[in-house]
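A.B. asks: Structure in structure tokens, see below.
The values are calculated or read from the model by the stated rules, or taken from the named source; none is laboratory data. Small disclaimer: the values here were computed from a predicted structure and weren't measured. Heads up, the Cβs are rebuilt from the backbone with ideal geometry, glycines too, and the neighbour counts pull from every protein chain shown.
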């Protein structure tokens, strides 16, 4: 097991010598390792003996987690403010502890909605990605927008992404979409292989909006009536952090992330153009992704602003 510093040195060395197939393999190896909040010693014991396969792991996640905003709508479960606040848990180890504290059942057993951990899409994605890594599958969480929640709009969302060795491609997986949600939502695809026109990666959304091919006001979170290019920019920075194995909550704010009332400057726009291109650049772009992530405008600091709790918090990285 190598730490983040050694991983980075390995990848930058690959970049300086030309990546090619060997460099792509190095990048995939990078995503076999957990990030600083999810070290293997903290999650391996709970996750190592789960069934193999993406579909099985998604079913497990669906049986132990419940989306706090969908719970009252589709599962007839009204959550208190204290229960909704559980969704502010970041590390996977703390997620597992919370899940086990709610029921003595095995993680393999589907629980009643009341016994599941209240969370959001980010937790489904981060947990399944951690499960896959424990099974020797390169995986990461991706930030962007779902086109299958609210027709005509692109809603803030996270999915997992894993390397399919047989097909030699990265595959998007929406672990949140259980049978209940698939019946209620316009889901016309396999959630274990989400098309890129149904989940729009943040970098793709940024490029489309910047080029005038998409309306920024269609991207955001309709439930709280927020949208715009500023939201796309925030998600782009969150996706950059996640591609560097620092998975932050959907409402964590830091660095140059713009708010709804601040105009993105020309210099900021050009910098984010570069970030967007790299997040879409495939395995060969990973060394450059790590290099640009070192910029203090986008690197996750020790303290971030939690917009859900409206407080500054220290993060375990």
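A.B. asks: Just give me the residues in region 104-132 being touching a strand residue (DSSP E or B) at 6+ places or on another chain (Cβ under 7 Å) and farther than 22 Å from residue 90 by Cβ, in sequence order.
C.D. replies: Residue satisfying the conditions is 113 alone.
A.B. asks: Restricting attention to region 172-197, report how many residues are surrounded by 16 or more Cβ atoms within 10 Å (Cβ to Cβ) and closer than 23 Å to residue 32 by Cα.
C.D. replies: Counting residues in region 172-197 that are surrounded by 16 or more Cβ atoms within 10 Å (Cβ to Cβ) and closer than 23 Å to residue 32 by Cα gives 8.
A.B. asks: Let me ask something additional. What single numbered condition from (1) free of Cβ contacts under 8 Å to residues at least 40 places away in the same chain; (2) over 30 Å from residue 46 (Cβ atoms); (3) crowded, with 24+ Cβ neighbours inside 10 Å fails to hold for residue 203?
C.D. replies: Status for residue 203: all satisfied but (1).
A.B. asks: Related question: Within region 186-228, track down each residue that is part of a loop (DSSP other than H, G, I, E, B), over 21 Å from the mean Cα position of the chain (by Cα) and at negative phi.
C.D. replies: Within region 186-228, 186, 188, 211, 213, 214, 215 qualify.
A.B. asks: Additional query: Please find, within region 276-317, the residue that is nearest to the chain's Cα centre (by Cα) out of those that are within 21 Å of residue 221 (Cβ to Cβ) and part of a helix (DSSP H, G or I).
C.D. replies: The residue in question is 279.
A.B. asks: Okay, next question. What number of residues in region 89-106 are modelled with pLDDT under 95 and assigned to a loop (DSSP other than H, G, I, E, B)?
C.D. replies: Residues flagged as modelled with pLDDT under 95 and assigned to a loop (DSSP other than H, G, I, E, B) within region 89-106 amount to 5.
A.B. asks: For region 63-89, which residues satisfy the criterion of being more than 26 Å from residue 306 (Cβ to Cβ) and touching a helix residue (DSSP H, G or I) at 6+ places or on another chain (Cβ under 9 Å)?
C.D. replies: Matches in region 63-89: 74, 76.
A.B. asks: Exactly one condition in (1) free of Cβ contacts under 8 Å to residues at least 40 places away in the same chain; (2) surrounded by fewer than 24 Cβ atoms within 10 Å (Cβ to Cβ); (3) touching a strand residue (DSSP E or B) at 6+ places or on another chain (Cβ under 8 Å); (4) closer than 16 Å to residue 52 by Cβ is false for residue 163; which is it?
C.D. replies: The failed condition is (1).
A.B. asks: A further question follows. What are the residues in region 48-58 that are surrounded by fewer than 19 Cβ atoms within 10 Å (Cβ to Cβ), touching a residue at least 24 places away in the same chain (Cβ under 8 Å) and either closer than 21 Å to residue 181 by Cα or in contact with a strand residue (DSSP E or B) (Cβ under 7 Å, 6 or more places away or on another chain) (or both), if any?
C.D. replies: Residue satisfying the conditions is 55 alone.
A.B. asks: Any chance region 153-168 includes a residue that's more than 27 Å from residue 283 (Cα to Cα), part of a loop (DSSP other than H, G, I, E, B) and modelled with pLDDT of 95 or more?
C.D. replies: There is at least one residue in region 153-168 that is more than 27 Å from residue 283 (Cα to Cα), part of a loop (DSSP other than H, G, I, E, B) and modelled with pLDDT of 95 or more.
A.B. asks: Filter region 245-261 down to residues that are closer than 27 Å to residue 316 by Cβ and free of Cβ contacts under 8 Å to residues at least 60 places away in the same chain and give me whichever is nearest to the chain's Cα centre (by Cα).
C.D. replies: Only one residue fits best here, namely 251.
A.B. asks: Any chance region 300-314 includes a residue that's touching a residue at least 40 places away in the same chain (Cβ under 8 Å), closer than 23 Å to residue 208 by Cα, surrounded by 18 or more Cβ atoms within 10 Å (Cβ to Cβ) and in contact with a helix residue (DSSP H, G or I) (Cβ under 8 Å, 6 or more places away or on another chain)?
C.D. replies: No, every residue in region 300-314 fails to be touching a residue at least 40 places away in the same chain (Cβ under 8 Å), closer than 23 Å to residue 208 by Cα, surrounded by 18 or more Cβ atoms within 10 Å (Cβ to Cβ) and in contact with a helix residue (DSSP H, G or I) (Cβ under 8 Å, 6 or more places away or on another chain).
A.B. asks: So which residues in region 61-98 are touching a strand residue (DSSP E or B) at 6+ places or on another chain (Cβ under 8 Å) and without any contact (Cβ under 8 Å) to a residue 40 or more places away in the chain?
C.D. replies: Residues satisfying the conditions are 77, 79, 83, 84, 86, 89, 95, 98.
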